[in-house]
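The values are calculated or read from the model by the stated rules, or taken from the named source; none is laboratory data. Since we're looking at a predicted model, the values are computed, not measured. When we count neighbours, we look across all protein chains shown, and the Cβ atoms used for this are built from the backbone with ideal geometry, even at glycine.
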Amino acid sequence: MKNFHHLANLLARLFTSVLLLLAVVIVGVYLYGSHPGWFIKNEISAAEWAPKEPESLFESGNMPADVAYGFQLISETSSFIGPMAADDQMHYAGNNLACANCHLQNGTQAGSGSWIGVTDRFPQFRSRSNSQGTIEDRINGCMARSMNGEPLPVDSKEMKAIVSYMEWLGEDLPEERVKEFKGFPKIQLPEVAVDFEKGKALYAQECAVCHGENGQGQKFKDATKGYQYPPLWGPDSFNDGAGMHRVITAAEFIKSNMPFGQATWENPKLTDEEAYHLAGYINNFSRPHKANLEKDFPDRKLKPVSTPYGPWADNFPAEQHQFGPFQPIMEFYKKQYDLNKTK
């Protein structure tokens, strides 16, 4: 009898184990059918890898909730955290630009300050503050300058959503493609000052159709969505503390991306010289002023040579710092401080 009970217990345990194993198999088969990506990691070569398509993924609902909110914040910034936000407490941006007006294709376009892989580059040293900066610091730099507004609270839902969106864009980025999405491609700077007449003619020919004859930009038909083509100067544009107010930075962006839809960093339409004169022409107009610019770049030697506001660690005139030629200034910093300046 004792042996019989022992055998019965063994059979019961075996039966229970079989049932559990069967349940695991059934659940596994179901999950594999519904979420195969959980089980198989597709090996995609660097050449085959392509950026995500945020707009279509958002519209189809195939985005995590925090990422989707981040997408809304960067694509319709004014409506959510700018002048058109219904809640006055959410008026962080001071103009009606969207982050995606400069970071093209919702931050995925190479050569336009893409956000793909950007979070992996932080923390990093920031010469403007002469300190280590986080990705949140970098976002708030844009809020205060390009968006002519105020910093977002670092622990806010909005800041976390924007960072989540940036991290999502960079998922599975092959190491071989990292450099492609980093910053703006360099240009060969002309060894002359900006020619405003050349810039004016180029603006009329290549830019006015989208940005307006007076740089006022063009809003979407649904104005609550902000600008389809942003203003390039005037009260609703980036302020004079923004990086895009530096001629070299603006020229690099223009060369790689403009005219919009006709140029990429691989296949530009404008020459380096054309982009340079065009950038100078655009930055010759008035725009909002950012207070306390004199506090930027505590170590003045680290200030970009094309920063249009002083003080500087040299005696070159303000006009040359804004409109070139920049090579003599670069040569001075190399000789005086052994610094290789590129912008």
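Determine, yes or no, whether K303 is among the basic types (K, R), buried (at least 18 other Cβ atoms within 10 Å of the Cβ) and not assigned by TED's automatic domain parsing to the domain that holds G141. First the steps, then the outcome.
Values: among the basic types (K, R): yes; buried (at least 18 other Cβ atoms within 10 Å of the Cβ): yes; not assigned by TED's automatic domain parsing to the domain that holds G141: yes.
For K303, the condition - among the basic types (K, R), buried (at least 18 other Cβ atoms within 10 Å of the Cβ) and not assigned by TED's automatic domain parsing to the domain that holds G141 - is met.
Give me the residue from segment 263-281 that is surrounded by fewer than 24 Cβ atoms within 10 Å (Cβ to Cβ) and among the hydrophobic types (A, V, I, L, M, F, W, C) and, out of that set, modelled with the highest pLDDT. Full working, then the answer.
Narrowing segment 263-281 to residues surrounded by fewer than 24 Cβ atoms within 10 Å (Cβ to Cβ): 263-274, 280.
Among the residues that remain, those that are also among the hydrophobic types (A, V, I, L, M, F, W, C) are: 263, 265, 270.
Numbers: A263: 92, W265: 87, L270: 98.
Here the residue is L270.
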Q: Could you list, in sequence order, all residues of segment 127-169 that are within 12 Å of the chain's Cα centre (by Cα) and either modelled with pLDDT under 95 or part of a loop (DSSP other than H, G, I, E, B) (or both)?
A: S146
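Can you report the number of residues in segment 220-241 which are aliphatic (A, V, I, L, M) and either surrounded by 23 or more Cβ atoms within 10 Å (Cβ to Cβ) or in the same structural domain as G107 (by TED's automatic domain parsing) (or both)?
Initial filter on segment 220-241 (aliphatic (A, V, I, L, M)): 223, 232.
If we keep only those that are either surrounded by 23 or more Cβ atoms within 10 Å (Cβ to Cβ) or in the same structural domain as G107 (by TED's automatic domain parsing) (or both) too, we end up with 232.
Counting residues in segment 220-241 that are aliphatic (A, V, I, L, M) and either surrounded by 23 or more Cβ atoms within 10 Å (Cβ to Cβ) or in the same structural domain as G107 (by TED's automatic domain parsing) (or both) gives 1.
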Q.
For segment 282-323, give me each residue that is under 25 Å from Y337 (Cβ atoms), without any contact (Cβ under 8 Å) to a residue 60 or more places away in the chain and among the hydrophobic types (A, V, I, L, M, F, W, C).
A. L293, V305, W312, A313, F316, A318
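Quick one: count up the residues across segment 171-184 that are surrounded by fewer than 21 Cβ atoms within 10 Å (Cβ to Cβ) and either under 14 Å from the mean Cα position of the chain (by Cα) or aliphatic (A, V, I, L, M) (or both). If you could, list the steps in order and put the result at the bottom.
Here is the first cut: in segment 171-184, the ones surrounded by fewer than 21 Cβ atoms within 10 Å (Cβ to Cβ) are 171-180, 182-183.
Right, trim to either under 14 Å from the mean Cα position of the chain (by Cα) or aliphatic (A, V, I, L, M) (or both) and you get 173, 178, 180, 182-183.
Selection size over segment 171-184: 5.
For segment 252-298, name all the residues that are part of a loop (DSSP other than H, G, I, E, B), more than 16 Å from A242 (Cβ to Cβ) and polar (S, T, N, Q). Full working, then the answer.
Let us first name the residues in segment 252-298 that are part of a loop (DSSP other than H, G, I, E, B), namely 258-271, 283-292, 296-298.
Remaining after also requiring more than 16 Å from A242 (Cβ to Cβ): 258-271, 298.
If the condition is that a residue be part of a loop (DSSP other than H, G, I, E, B), more than 16 Å from A242 (Cβ to Cβ) and polar (S, T, N, Q), then Q262, T264, N267, T271 are the ones that fit.
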Q: Could you please let me know if K221 is over 30 Å from S45 (Cα atoms) and out of contact with any helix residue (DSSP H, G or I) (no Cβ under 6 Å at 6 or more places or on another chain)?
A: yes
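With the structure loaded, tell me whether G215 is within 16 Å of N284 (Cα to Cα), in the same structural domain as V305 (by TED's automatic domain parsing) and out of contact with any Phe, Trp or Tyr (no Cβ under 8 Å at 6 or more places or on another chain) or whether it fails that test. Show your work before the answer.
On the way: within 16 Å of N284 (Cα to Cα): yes; in the same structural domain as V305 (by TED's automatic domain parsing): yes; out of contact with any Phe, Trp or Tyr (no Cβ under 8 Å at 6 or more places or on another chain): no.
Spelling it out, it is not the case that G215 is within 16 Å of N284 (Cα to Cα), in the same structural domain as V305 (by TED's automatic domain parsing) and out of contact with any Phe, Trp or Tyr (no Cβ under 8 Å at 6 or more places or on another chain).
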Q | Subset of segment 306-343 that is farther than 20 Å from G280 by Cβ and hydroxyl-bearing (S, T, Y) - its residue that is surrounded by the most Cβ atoms within 10 Å (Cβ to Cβ) | A | Y333
Q. Looking only at segment 77-128, which residues are polar (S, T, N, Q) and either touching a strand residue (DSSP E or B) at 6+ places or on another chain (Cβ under 9 Å) or in contact (Cβ under 8 Å) with a residue 60 or more places away in the chain (or both)?
A. T77, S78, S79, N95, N96, N101, T108, Q109, S112, S114, Q124, S127
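What number of residues within segment 63-96 satisfy the criterion of being farther than 17 Å from A144 by Cβ and part of a loop (DSSP other than H, G, I, E, B)?
Here is the first cut: in segment 63-96, the ones farther than 17 Å from A144 by Cβ are 63-72, 75-76, 79-80, 84-89.
Subset that is part of a loop (DSSP other than H, G, I, E, B): 63-64, 76, 84-87.
Total meeting the criteria: 7.
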Q) Consider Y203 against the criteria (1) in contact with an Asp or Glu (Cβ under 6 Å, 6 or more places away or on another chain); (2) aromatic (F, W, Y); (3) farther than 18 Å from N106 by Cβ: it satisfies all of them except one. Which criterion is unmet? A) (1)
Q: Could you please let me know if N140 is outside the structural domain of M244 (by TED's automatic domain parsing), among the polar types (S, T, N, Q), surrounded by 20 or more Cβ atoms within 10 Å (Cβ to Cβ) and touching a residue at least 40 places away in the same chain (Cβ under 8 Å)?
A: no
